[in-house]
1. Report those helices (runs of 4 or more DSSP H) wholly inside region 369-470 carrying at least 3 residues which are among the charged types (D, E, K, R) and surrounded by fewer than 23 Cβ atoms within 10 Å (Cβ to Cβ).
2. Pairs under 7 Å by beta carbon, first residue outside the structural domain of Ala558 (by TED's automatic domain parsing) and at pLDDT 95 or above in region 395-406, partner assigned to a helix (DSSP H, G or I) and of a type outside the set (Lys, Arg), six or more apart or different chains?
3. What residue, among those in region 153-195 that are surrounded by 20 or more Cβ atoms within 10 Å (Cβ to Cβ) and among the charged types (D, E, K, R), is nearest to Ile633 (Cα to Cα)?
4. For region 556-616, which fully contained strands (runs of 3 or more DSSP E) count at least 3 residues that are farther than 30 Å from Phe670 by Cβ?
5. Sort through Arg282, Arg292 and tell me the only one that's among the basic types (Lys, Arg) and either at pLDDT 95 or above or not assigned by TED's automatic domain parsing to the domain that holds Gly434 (or both).
6. Mind checking which pairs have a first residue in region 46-75 that is in the same structural domain as Gly25 (by TED's automatic domain parsing) and a second that is small (Gly, Ala, Ser) and in a helix (DSSP H, G or I), Cβ under 6 Å, 6 or more apart or different chains?
7. Starting from residues that are of a type in the set (Gly, Ala, Ser) and modelled with pLDDT of 90 or more, keep the ones in region 120-143 and report whichever is nearest to Lys166 (Cα to Cα).
8. Of Phe516, Phe542, which residue is among the aromatic types (Phe, Trp, Tyr), more than 37 Å from the chain's Cα centre (by Cα) and crowded, with 19+ Cβ neighbours inside 10 Å?
Amino acid sequence: MFSKILIANRGEIACRVIRSARKMGIATVAVYSDADAGALHVQMADEAVRLGPPPAAESYLLGDAIVAACVATGAQAVHPGYGFLSERAWFPEALAAKGIAFIGPPASAIAAMGDKIESKKLAKAAGVSVVPGFVGEIDDTDHAVQIAGEIGYPVMMKASAGGGGKGMRLAWSEADVRDGFEATKREGLASFGDDRVFIEKFIEQPRHIEIQVLSDAHGNIVYLNERDCSIQRRHQKIVEEAPSPFVTPEMRRAMGEQAVALARGVGYTSAGTVEFIAGADRSFYFLEMNTRLQVEHPVTEAITGIDLVEAMIRVAAGDPLGFTQADVRLDGHAIETRIYAEDPYRGFLPSIGRLRTYRPPETLGVRVDTGVVEGSEISRFYDPMIAKLITHAPTRAEAIAKQSEALDRYLIRGIGHNIDFLGAVMAHPRFVAGEQVTTAFIAEEYPDGFRGAPPSTAGTTSMIAAAAVMNAIEVERAQLIDGQLGGHGAVFGSEWVVELDGARVPVDVLATGDAFELLVGSAGDAAEVRVTTDWRVGEPLFIARVETIGEDAVVDIAVAVDRRAVGYRLNTGGRAADVRVLTPRAAELAGHMLVKVPPDLSRFVVSPMPGLLVSLLVAPGDTVEAGQAVATIEAMKMENILRAEKSATVKEVRAKVGDSLAVDAVIVEFA
């Protein structure tokens, strides 16, 4: 067994590998860029080596520098994690030349499966079902249009060396191909150093199902059940679960056997994933094979009890698996959500900055894989994933409930994040039912963007009760502050008005103490609510038991609290709301306040996020139509197309390609 390994990666996956290595008694070496000098993975490792400046091309993608770090530190093996060099066939060859083991598959298998065009040919030869498409070289946009027309729309354009949802465009028409082909090539070149693109038929109402395989150098290959990764945005997985609520035992066996056949056909060893797309009729087709560990591997670990990172290390050291297909268990249900640095209320725009508050949930039975701590910086140079939240329970319903509870207790301040969106997905009836979840789920359920989970009667009552109780605790505390002149302190009655979503709801606080007794609503129609909490002023999480008397309705709630100048910003159950608690007289007067009209910014195209301006498609004097592409911003390894809001003439261009832009920087001004 190895005594020291180097992790050629960063963030949560580097921390994840370090944990398994530490459990096995293996020393670890971290590598880092200047942006990650104080990162968690650097702190956790036994040693750390600087690679270079923040851009990945100048640090984490420098294979020679990583090999040199192995030689300098005496590392006997390298775990590549995922992304970066994990699927570059030349990297394990470079390590082997120095006598260093690669904790992953052979270079030949990486090369065979890393090229999406060649991998489909090999899969077909191995008897694996493949999606109809064109797997040759595509000359230019006109050629791409011709191919797409022959296959039949809709089609998917994919970077040949792509993965992780990058370098992919869905085209429903010739116009979509012409608009997206070059962008797909650019993303492939920027992310993978390869601008080749292939085109295949897009399966409608598809589910994304993948099979985890694990094999050793002694001829043993097993499949570790499946994962359902159908909840995606821009082809980036957001929610994963194992097993799939869609897959039958017969389908699982058929997919698993095909995955094993493909792995055996390319001489695969280590952990790998064969991805399939499944139609509504449960037909399935090969998409690609990821010759590395997957982001979503924890859900497989949860239902099988197998530490995949440990297994990879043991296989690389020459050990046999030690178990057979018959030994692979399927225990309960696991769900993983990806916590991203992005703002779902602003079109999921990437968010960068410092984690002013970062407190993962401490709920029993919850796993959090992260590479950050409070005070960490989220940089524009790398993937926006902050953490992975994994729950495991005997049933799918219990795993969803546990996930929802944990999301409500996950506190992040300082940057935008997608916790509300994930909470809304967990509560969505279509997701809860499971059967009708496809890769189009987000586009179909949130066609106009995300505005928060829809209000529910119980959720609204809980929010109102939480605000009223917090206000009561604050008022009581204020009245007890020492030094006040007797008889001159503020005096409040029991009657209040809670303003939520434009509605004003009367609340009468009847009793305080260990349990608060409230009447919520108008007289004669008020609900009697009891709230039990030990919340104290200033705490960012309000945890309480809310009981609606007479309805046998008891719920435990966790509400993230952000104190505002007047009122609170509350987040719970995928819903965010600005709430004010007013005296009856203040509520009466509030109805006469003027509403400030926001300025019209439609004559500007501004940068919605910090990023790099990679293309500018207009010049002064040009006429544009509403929805026309004007510029492209790259941030966190993804391209974002900016479009004109209305028909107009370009008056001035205030930025140039290659500029690093701040949030709200003006790029184009219209006349």
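1. Values: elements: 396-408, 419-427, 429-433, 441-445.
Those helices (runs of 4 or more DSSP H) span 396-408.
2. Listed pairs, sorted by first residue: Ile400/Met426; Ile400/Val432; Gln403/Met426; Ser404/Gly423; Ser404/Met426; Ser404/Ala427.
3. Glu187
4. So the answer is 568-572, 575-582.
5. Matching residue, one of Arg282, Arg292: Arg292.
6. Note: pairs meeting the criteria are Val49/Ala69; Leu51/Ala65; Pro54/Ala35; Gly63/Ala94; Val67/Ala94.
7. Among those that are of a type in the set (Gly, Ala, Ser) and modelled with pLDDT of 90 or more, it is Ala123.
8. Working: Phe542 fails: more than 37 Å from the chain's Cα centre (by Cα).
Going through Phe516, Phe542 in turn, just one is among the aromatic types (Phe, Trp, Tyr), more than 37 Å from the chain's Cα centre (by Cα) and crowded, with 19+ Cβ neighbours inside 10 Å: Phe516.
The values are calculated or read from the model by the stated rules, or taken from the named source; none is laboratory data. A quick note: this is a predicted structure, and the numbers were derived from the prediction, not measured. Cβ sites come from the backbone with ideal geometry, for glycine too, and all protein chains shown count toward neighbours.
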